[in-house]
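Enquirer: This structure is in structure tokens; I'll ask about it shortly.
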Amino acid sequence: MTEISERQLMARAAWLYYLGGLNQEETSARMGLTRARVNRLLRQARASGLVSISIDHRDIGLLPVENAIQQEFGLQFCICTPPLGLSPAQMESNENFAEFPQRAVGSTAAQYLRDLLTSKPDAVIGTGWGRTLNQITRNLAGVKAPKARFISLMGSLTANSAFNPFEVVQALAHATGAEGYFLPVPFIADTKEDREVLLSQHTVARSLELARHTDLALISIGELTEVSLLRQQGMITSQELAALRDAGAVGDTNGIFFDNAGRPVKHSLNDRTLAVSFDDLKRSTTVILSAGSRKVEATRALLRSGVGKGLIIDGDSALLLAEPIKQTPA
């Protein structure tokens with residue numbers, strides 16, 4: 001008898017439970033496994049991206065908040081996920097809740113990407129990096145777009161992490177059967193001169209040209225704190241973080257550090273970052289992904305830049321983002 005692999009078990013359990021309509025007890029009886037084993041298989045199927053769940057945000061979203069944000073920042077669209085209704089402190093004190101914004105925004109962004117690939121199967125899609133982008137890769141089960149191309153919007157030779165641009169592009173390409181391209185250069189060059197040398201390489205120039213002319217650009221936002229991914233991954237030092245704040249920076253996207261008005265700040269790091277520019281992003285349909293209350297200030301600033309044409313944001317952060325808008329007289 002042929003031995004069934006763990007992935008096959010996950011797929012069978014998921015099919016019986018999600019599509020067959022059986023509950024966990026019925027699924028375990030059908031498969032001859034314990035209920036605990038079935039529960040574990042279903043969790044693994046969701047975590048691995050074998051199963052993705054899509055919920056129509058139009059039936060449960062914050063439509064007035066979405067409209068207020070859209071009008072305030074001149075967006076083509078704004079999508080808010082359902083809020084949990086917890087304070088930032090409550091969210092951060094619970095490990096499951098702390099990661100909820102990234103999971104919610106990543107899942108919603110995956111549905112947006114799924115719709116785009118259905119209408120334009122040969123789309124060129126640029127991606128940044130981070131936890132939220134990584135969540136998209138886990139929610140694209142069943143999507144096939146072999147004519148599509150994914151390209152990193154920034155240098156991909158970063159720390160060995162599932163969140164880095166190379167891994168994000170590879171995971172998206174693998175999930176959809178598309179082609180994957182990346183910028184074969186560091187995230188940040190050692191000097192401005194090194195950056196120019198790297199950009200002059202033919203392989204880099206070709207990849208960068210593709211990244212500058214995407215149909216869709218998915219970018220996330222980084223906050224400038226000690227708990228930000230940039231600091232946790234050791235991409236910048238504490239001294240550089242403090243210097244960026246002194247220069248007026250409130251956040252970054254793709255390694256471009258910007259101020260409260262969404263303008264790149266004058267700092268050596270911006271001269272050394274290898275990534276598409278804000279002008280390039282403005283030419284594309286750039287969708288900003290914002291997950292977590294820590295990023296509200298940076299999100300508001302980047303929206304002021306005019307870079308984004310769309311915003312996908314978790315509901316709790318959207319409510320905070322919209323508070324000053326509501327107070328503005330009509």
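Enquirer: Across the chain, how many lysine pairs, 8 or more apart or on two chains, come within less than 15 Å at their alpha-carbon atoms?
Expert: Qualifying lysine pairs in the chain: 4.
Enquirer: For ILE325 and ASP271, compute 0.36 nm times the residue count separating them, minus their Cα-Cα distance, and round to one decimal in nm.
Expert: Working: separation 54, 0.36 × 54 = 19.44 nm, distance 3.41 nm.
Length gained between ILE325 and ASP271: 16.0 nm.
Enquirer: Could you state the angle between the C-alpha long axis of helix 35-48 and the longest principal axis of the C-alpha atoms of the chain, as a value from 0 to 90 degrees rounded to the nearest 10?
Expert: Helix 35-48 and the main axis of the chain meet at about 30 degrees.
Enquirer: Measure nothing fancy, just the Cα-based angle from helix 63-73's long axis to the longest principal axis of the chain, in degrees from 0 to 90, nearest 10.
Expert: Around 20 degrees separate the two axes.
Enquirer: Residues of the stretch 166-195 with backbone nitrogen within less than 17 Å of a virtual label 7 Å along the Cα-to-Cβ line of LEU210, please, listed as ranges.
Expert: Residues 166-186 fall inside that zone.
Enquirer: Once phi is turned into θ = phi - 60°, what whole-Hz ³J(HN,Hα) does the Karplus curve with 6.51, -1.76 and 1.60 give for every residue of the stretch 93-104, x standing for Gly and Pro?
Expert: Running phi through 6.51 cos²θ - 1.76 cosθ + 1.60 with θ = phi - 60° gives 7, 10, 4, 5, 5, 4, 8, 4, x, 5, 5, 5 Hz.
Enquirer: How many angstrom separate the Cα center of the stretch 239-280 from the Cα center of the stretch 19-37?
Expert: 52 Å
Enquirer: Given the -39500 (n - 2.57) contribution per DSSP H run of 4+ residues, what per-residue ellipticity at 222 nm results for the chain, rounded to the nearest 500 deg cm²/dmol?
Expert: -13500 deg cm²/dmol, from helical runs alone.
Enquirer: Which loop-located trypsin sites (Lys or Arg not before Pro) does the stretch 157-231 contain, where loop means any DSSP state but H, G, I, E or B and the Cβ has at most 13 other Cβ atoms within 10 Å?
Expert: The qualifying sites: there are none.
Enquirer: Now for a different question. Quick one: MET235, MET154, MET31, fewest Cβ neighbours within 10 Å first, how do they rank?
Expert: Going from sparsest to densest Cβ surroundings: MET31, MET235, MET154.
Enquirer: Could you give the size of the charge dipole of the stretch 20-167 about its Cα centre, using +1 on the Cβ of each K and R and -1 on the Cβ of each D and E, expressed in debye and rounded to the nearest 20?
Expert: 660 debye
Enquirer: Something else now. Which of rounded, prolate, oblate describes the stretch 57-327, given a ≥ b ≥ c as roots of the alpha-carbon gyration tensor eigenvalues and a/c under 1.5 marking rounded, otherwise prolate only if a/b is larger than b/c?
Expert: Here the stretch 57-327 falls in the oblate category.
Enquirer: Rounded to the nearest 5, what % of DSSP beta bridges with both residues in the stretch 105-220 are antiparallel?
Expert: Percent antiparallel among DSSP bridges in the stretch 105-220 is about 0.
Enquirer: Right, here's the next one. What is the dipole size for the chain, taken about its Cα centre, with +1 at each Lys and Arg Cβ and -1 at each Asp and Glu Cβ, in debye to the nearest 20?
Expert: Values: 34 positive and 34 negative charges, 148 e Å.
With Lys and Arg at +1 and Asp and Glu at -1, about 720 debye.
Enquirer: How large is the dipole of the stretch 161-256 about the Cα centre if only Lys and Arg carry +1 and Asp and Glu carry -1, each at its Cβ, rounded to the nearest 20 debye? Can you show the working numbers first?
Expert: Numbers: 6 positive and 13 negative charges, 19 e Å.
With only Lys, Arg, Asp and Glu charged at Cβ, the dipole is about 100 debye.
Enquirer: Using only Cα atoms, find the angle between the long axis of helix 315-327 and the longest principal axis of the chain, and express it within 0 to 90 degrees, rounded to the nearest 10.
Expert: Here the helix axis deviates by roughly 40 degrees.
Enquirer: For an R0 of 25 angstrom, estimate the FRET efficiency from the Cβ-Cβ distance between ALA261 and GLN76 and round to the nearest 0.05.
Expert: FRET efficiency, ALA261 to GLN76: 0.75.
Enquirer: Mind giving me the nanometre distance, one decimal, between the label points for ARG245 and GLN201, set 7 Å out from Cα along Cα→Cβ?
Expert: 3.5 nm
Enquirer: Set the Förster radius R0 to 30 Å, insert the Cβ-Cβ distance between VAL227 and SER54 as r into 1/(1 + (r/R0)^6), and round the FRET efficiency to 0.05.
Expert: Given R0 = 30 Å and the Cβ-Cβ separation, E is 0.45.
Enquirer: Taking every DSSP beta bridge with both residues inside the chain, roughly what % is antiparallel (nearest 5)?
Expert: Here the share of antiparallel DSSP bridges comes out near 25 percent.
Enquirer: Right, next: First check a/c for the stretch 54-151, with a ≥ b ≥ c the square roots of the eigenvalues of its C-alpha gyration tensor; if it is under 1.5, answer rounded, and if not, answer prolate when a/b is larger than b/c or oblate otherwise.
Expert: Taking the square roots of the gyration eigenvalues as a ≥ b ≥ c, the stretch 54-151 is oblate.
Enquirer: While we're on this one: If each residue of separation counts as 0.36 nm, what is the full-extension length gain between THR118 and ASN94 once their alpha-carbon separation is subtracted? Write out the running numbers ahead of the final one.
Expert: Working: separation 24, 0.36 × 24 = 8.64 nm, distance 3.70 nm.
Full extension from THR118 to ASN94 adds 4.9 nm.
Readers should treat all values here as calculations from the given coordinates under stated rules, not as data from a laboratory. Since this is a predicted model, take the numbers as computed values, not measurements. Ideal geometry is used to build each Cβ from the backbone, glycine not excepted, and the neighbour counts take in all protein chains shown.
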